[in-house]
Structure formats: structure tokens, C-alpha cells
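> Handing you this structure, nothing more for now.
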């Protein structure tokens, strides 16, 4: 048998179900490996002892009907976990211990999973490189100088380095799909309303969605099946009959119409990305799908719209961090002074920048010109997708305009950092599902991803398309384990 | 339209984030470059477009107004930054 850490999530599940591997063996292996991988700076909080205890408990009376029986899993530190420190990678929450559990993580534990620890991310999920975390950069296992992407950078890095069999992230503008693309892994952002937002540290409430990050498409289907549920505690949770995504996974995509949006062929797009996209089309044709050229005319307005809507919502959501009820406090001469000093010392530069943008676009005299304008453009972007989905079943695009960049390369120029999310942001604005799958390597040998965008609540369809493509792409990436310590 | 230092300081007040002079100047530069880029939205005519505030364009669900969670007073107060077992403590507000 191959090593435990080399098994996919689904393989590990069947091995535990067949009693070939115990939860304790799997959990111990992942803990050992995580302990040797501190150089990557993926963990903010480790719950190893508790995980081993839970694994032994599981083994003593294993419930093998669970979907994730005794599976150890590290998760993004944006999900509130009861009695386990939850920081959102911010100084302002660096001592916060939730008294409740997020619905998505509760779903994981209910189905047998065991928490290994909390993973680093960009502060309040604001970033595309994991450089904004109060706890320092996450390093990509691909190269020591490389960012893992963001904001779910710790999740992507831990997954690619095999410190967890699978993980979960959150995606507001690309925070699952972009790091998945950068690290050669699979990342799925579900339809808005599919996974409950309850207990996830809020960034932009009309855009945030949790989703799976996995080693292959089958694992993503399995994990989504567990994560997605209707939840009364989230007023935007949608009550629909959730398919058995992994059971219904199929490679039959014959006759599916796949749109190729011309607006995604952006200025200065590299030949490598062009070729990747072209290869993707050919794989789909090989699977019997039909390729159709389409237009999404408002694409170029998606990013500036996002950078009004997301900061506006963030500035309201982050108003709660005032140093009174929880988190970090700086003393002040009076109440207002305490608020101002607390927030100044507690938030990092990117978070402050976004709060300021949001406050400005919502402020008296600027609301109509910016916020209302952006909401109108958001409607146009959504209409583009609505119209085109009358003609096609799904859309194929690159996941990112380039492969992973070096640490420090973009951190001084906010706009160039924001441009990273050019292909992912429109999907959030329209509330659609999107999946990034590894599809090739650039000339530096770094992974590149392709994104499949689907209709609302049509996750099964994009999973099937991704599953079919995965087979044809046959992505192989040999990671040298340079970061491991003994 | 450009954002001057005075506006930056005004926004920082509204945001309840204190800024020193150096940070304020840095933000002036950043915000101007970001808003210059955002201005491209003005190329679009949107007069008769209905604004979209949420993707989930459904009616909010109604529920009975009843208490479901248990009393967690002590647990919640434990997260309070100033130690006091009974209250959240803030600087004196009323003279």
C-alpha cells in the first residue's frame, strides 16, 4: 500500500471504511508531517493532541457510515471553531475563542472529520498572496520564494504539501480558486447560498462562500456534499434539494455546450495561458462537448465593481471590532480614542485600506456615485451571465492571468495585486459556482489552472466537466520536499 | 476626482482608525491610484438599471421570535479584553 499521506481523501475514506487504516494511524501521520513542515508557516493554531484523542475515540467505536470517518483535517482560520482560537489572521482577533461552531465545520465533524488545526490566510481574507496575515507569509511548497496565493493560502499550501488530506477555504473574489490554481490543487466556490455563512468571520456578506479545496475533483464532490446544507441561521442560505455530488459524478459530458468568453482574452495575456486555454478546449472536444464562442461584455468592469462592493460591505462588517466585547484593545483617553487606537493597532495595512475605501464609497455625497453605481454594474454583469446561460451549459476560462508570483512582487502596488482576481471576481459578483482544476505548468514549472463556471446550483454539471477534463489533462507535479525538517 | 489629505483624514475619522501623518500620506497615494482605476465605471450608462444588492433575491424568511441558545453570559464575557466577570468595561463615557 502507498503511504497514507499520498492517498486522496476518497481513498483514505475507503481505506478507513475497509479497516485497512485506522483514524489514529492517519491522524498521527498527518500530525508528524505537519510538525516537520513548520517552514511553510501554514498553521496558526494546532490541535494535535485533541485530534489524536478524537481519533482514538473514533477507532474505539467506529461509525463507518459517516462520509468522512475519522478523517483528520486542517481548515482555514476564518471558520469559528468552538473553544479553539479563531483569529482570521488578524491581530485584532488574536485571542478570540469562539463560543460557537460555524455550520460548515459542524457539518464536517458531524460526518466524522477531526480538526487538526487552523490554517493561516490573508487578514480577514483580504489579499491574493497570503502576505497580509498578522502571522506572516505562508510559503508555497512549490518554491521557497513563492506565494501560495490567497486568501486561502495556508489551506492551499497545506493541501499541496500533504499536511491535510483535504481542506476548506472561503472565496469572496477568488480566494479558493486562485490559490488552488497557484498550487496545482482543485478549488471549488459553490453557488451563493449553498454553504452556510454562519460562523464564518464575515468579509463581504453578499459575496462570501465557503468551499472545498482538494487533490482531485472526486474529493471536491465528496467534501461539498458534506459542507453544503440549508441553514436557518444564515438568512441567505437556500433551501434546495442537494444532490449526492460524489455519487452522481459522471464523465458523460457529451453534447454539453461550453462557452469561451472573448473578453477573458485580456491585454498582455501570456502565450502560456493562451495555450492552456486552447488545450482545455481540445480536451473538452475530446470528451464530446461542443465549444461555442461567447461574449460577456461587462467583464472588464467586474474588478472595479468588486473593489467598491466588497470594501463597502467589509467596512460595515468590520465595524464590530472595537476592542469592547472581544479581541485586542489599546487603551485610550476616552471611548472614541480607544476605538481609534484599537483599530489602528489591530488592523493591518490592507484591511485599513479596504475599510477606508468602503467608508468613503458609502459616505454622504459619494454613495450614489460609487456604491449605487457599482450595484447597477453588478446587475449588468449578472445579466451577462443570465443571457449567456440560455445558450451554454458552462463556461471555460483560465483561473488566473499568470502562475504564482514571488513574495514581495506585488505587495507595494494594490491595483496590480487586485488584477490577479480578474477571472474569478465576476463569478462572485453573479453568485455562480466556479471550479479551478490544475491544467498544466508554465515554463518555470509552476502550476496553472483552468476555471469552469456554471449556472446557479449547477455544481454537479461543473464537477462532471472538471472530472472529465481531469482525466484527459492527467496533471502530474513532482514536489521536492525541500521544506521538511527532521 | 482626486482624494486629498484632508479627505483621507476625514475618512479615517469616520472609520474610527487613527492615522499618523506618514500613514495618511501613503493612503492618499494608494486611494488615488485605486479610485483612478475605479473611475472606468463611468464609461457605462446605468440610468435605468435596477441596483443589485444581493444575489439571493428572495424574501427573507420569517421565524418565531424565541430564544434558542442557552445562557452563555460567562463564556461570552471571557473574551472581553478588560477583565471583569460581570460587565464589558469601557473608558468613562458620562462625566
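The values are calculated or read from the model by the stated rules, or taken from the named source; none is laboratory data. Please read these numbers as outputs of a predicted model, since none were measured by experiment. In this analysis, Cβ positions are derived from the backbone assuming ideal geometry, glycine residues included, and neighbour counts consider all displayed protein chains.
> Scan region A:25-39 residue by residue and report those that are under 22 Å from residue A:140 (Cα atoms) and touching a strand residue (DSSP E or B) at 6+ places or on another chain (Cβ under 8 Å).
A:30, A:31, A:34 - these are the residues of region A:25-39 that are under 22 Å from residue A:140 (Cα atoms) and touching a strand residue (DSSP E or B) at 6+ places or on another chain (Cβ under 8 Å).
> If you go through region B:18-30, how many residues are more than 10 Å from every other protein chain (Cβ to nearest Cβ) and buried (at least 20 other Cβ atoms within 10 Å of the Cβ)?
Result for region B:18-30: 0.
> I've got another one for you. Looking at region B:4-17, can you tell me whether even one residue there is out of contact with any strand residue (DSSP E or B) (no Cβ under 9 Å at 6 or more places or on another chain), over 25 Å from residue A:339 (Cβ atoms) and either modelled with pLDDT of 90 or more or within 10 Å of another protein chain (Cβ to nearest Cβ) (or both)?
The answer is no, given that none of the residues of region B:4-17 is out of contact with any strand residue (DSSP E or B) (no Cβ under 9 Å at 6 or more places or on another chain), over 25 Å from residue A:339 (Cβ atoms) and either modelled with pLDDT of 90 or more or within 10 Å of another protein chain (Cβ to nearest Cβ) (or both).
> Any idea which of (1) in contact (Cβ under 8 Å) with a residue 40 or more places away in the chain; (2) surrounded by fewer than 24 Cβ atoms within 10 Å (Cβ to Cβ) is the one residue A:426 doesn't satisfy?
Residue A:426 satisfies every listed condition except (2).
> Could you list all residues from region A:16-34 that are over 24 Å from residue A:481 (Cα atoms) and out of contact with any helix residue (DSSP H, G or I) (no Cβ under 8 Å at 6 or more places or on another chain)?
Within region A:16-34, A:17, A:18, A:19, A:20 qualify.
> For the list (1) at the interface with chain A (Cβ under 8 Å from one of its Cβ atoms); (2) modelled with pLDDT under 90, I need the number of the one condition that residue B:74 fails.
So the condition that residue B:74 fails would be (1).
> Quick one: in region A:316-329, of everything that is buried (at least 18 other Cβ atoms within 10 Å of the Cβ) and out of contact with any helix residue (DSSP H, G or I) (no Cβ under 7 Å at 6 or more places or on another chain), which residue is nearest to the other protein chains (Cβ to nearest Cβ)?
Across region A:316-329, the extreme among qualifying residues is A:326.
> Just checking, does region A:359-381 include any residue being within 30 Å of residue A:278 (Cβ to Cβ) and at the interface with chain B (Cβ under 10 Å from one of its Cβ atoms)?
yes
> When you scan region A:101-134, how many residues do you find that are touching a strand residue (DSSP E or B) at 6+ places or on another chain (Cβ under 9 Å) and under 30 Å from residue A:58 (Cβ atoms)?
Adding up the residues that qualify gives 16.
> Identify the residue in region A:448-478 that is in contact with a helix residue (DSSP H, G or I) (Cβ under 7 Å, 6 or more places away or on another chain) and surrounded by fewer than 19 Cβ atoms within 10 Å (Cβ to Cβ) and, among all such residues, is nearest to residue A:405 (Cα to Cα).
Once the filter is applied, the top-ranked residue is A:473.
> Pick from region A:334-358 the residues that are facing another protein chain (nearest Cβ under 7 Å) and either over 21 Å from residue A:134 (Cβ atoms) or surrounded by fewer than 20 Cβ atoms within 10 Å (Cβ to Cβ) (or both): which of them is nearest to the chain's Cα centre (by Cα)?
Step by step, filter region A:334-358, then rank; the result is A:344.
> Take residue A:280 and tell me if it is buried (at least 18 other Cβ atoms within 10 Å of the Cβ) and either touching a helix residue (DSSP H, G or I) at 6+ places or on another chain (Cβ under 6 Å) or more than 9 Å from chain B (Cβ to nearest Cβ) (or both).
So residue A:280 fits the description; yes.
> Could you figure out which of (1) away from chain B (no Cβ under 13 Å); (2) in contact with a strand residue (DSSP E or B) (Cβ under 9 Å, 6 or more places away or on another chain); (3) surrounded by fewer than 24 Cβ atoms within 10 Å (Cβ to Cβ) isn't true of residue A:75?
For residue A:75, the exception is condition (3).
> Something else about it: If residue A:419 satisfies every condition in (1) at pLDDT below 90; (2) more than 11 Å from chain B (Cβ to nearest Cβ) but one, which is the exception?
(2)
> Checking residue A:266 against (1) assigned to a loop (DSSP other than H, G, I, E, B); (2) closer than 16 Å to residue A:296 by Cβ; (3) modelled with pLDDT of 95 or more: exactly one of these is not met. Which one?
Residue A:266 satisfies every listed condition except (3).
> Could you tell me whether any residue of region A:171-188 is modelled with pLDDT of 95 or more, buried (at least 24 other Cβ atoms within 10 Å of the Cβ), in a loop (DSSP other than H, G, I, E, B) and over 13 Å from the mean Cα position of the chain (by Cα)?
Checking region A:171-188: at least one residue is modelled with pLDDT of 95 or more, buried (at least 24 other Cβ atoms within 10 Å of the Cβ), in a loop (DSSP other than H, G, I, E, B) and over 13 Å from the mean Cα position of the chain (by Cα).
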